[in-house]
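Working notes, structure below.
Since every read-out is calculated from the coordinates, none of them should be taken as a lab result. All values derive from a computational prediction rather than experimental measurement. Please note: Cβ atoms are built from the backbone with ideal geometry, for glycine as well, and neighbour counts cover all protein chains shown.
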Amino acid sequence: MDKGMRKIAVGCAAVFSACATVLAVAGPSAAYGKDGNLEVDEFGLYWTTNRGGCVFDLYGEDLNFSDDYFKSGCSGGGQKVNDNTESYWNRDVYAWKVGTDAGLDGNVGEIPSNYWGNASTNFKNKISSATYTFHA
Ligand SMILES: [Ca+2]
Ligand SMILES: [Ca+2]
Ligand SMILES: [Ca+2]
């Protein structure tokens with residue numbers, strides 16, 4: 001089950017009668033991860049500081065950035081994402097965690113919902129994995 005389905009499932013448990021309606025509208029409006037466009041419900045890592053250049057937009061977790069590259073058409077396009085990001089923007093309703101090693105290992109930091117900033121020294125050009133939490 002992907003992240004979107006889990007989010008919907010949580011809502012269904014609370015308001016079961018609204019499930020069919022929620023599922024009907026969830027498809028077309030869902031964000032698409034790793035398309036180079038940071039949408040609502042996504043977590044983004046940027047090529048340079050202050051949300052500059054290309055963005056690596058995640059909808060679900062990715063515990064190993066070694067196979068990921070920035071999209072073309074922006075500064076940093078085609079470059080590897082691993083150990084190569086300097087700022088972030090969390091547009092998800094949940095906080096996200098990032099790690100400086102794959103598998104959310106190494107230094108681990110948490111970024112609250114709807115928060116952006118520049119990576120501190122310990123994380124700048126070192127982030128290698130990210131996952132979402134179930135709290136803001
Ligand atoms: Ca996207
Ligand atoms: Ca990956
Ligand atoms: Ca790293």
Amide hydrogen neighbours beyond the local backbone of residue 92, cut-off 5 Å, H modeled = 41, 42, 114
Dipole of segment 32-132 (Lys/Arg Cβ +1, Asp/Glu Cβ -1, origin at the Cα centre): which of 72, 32, 108 lies farthest to the positive side?
-> 72
Built amide H within the under 5 Å cut-off of residue 106, gap 5+ = 101
Amide H to amide H, which residues 5 or more places from residue 68 or on other chains are under 5 Å from it, using H placed in the peptide plane?
-> 81, 82
Compute the projected area of the convex hull of the Cα atoms of segment 86-132, averaged over all viewing directions, and report it in nm² to one decimal place.
-> 2.7 nm²
When 113, 120 are ranked with the fewest other C-beta atoms within 10 Å first, the list becomes 120, 113
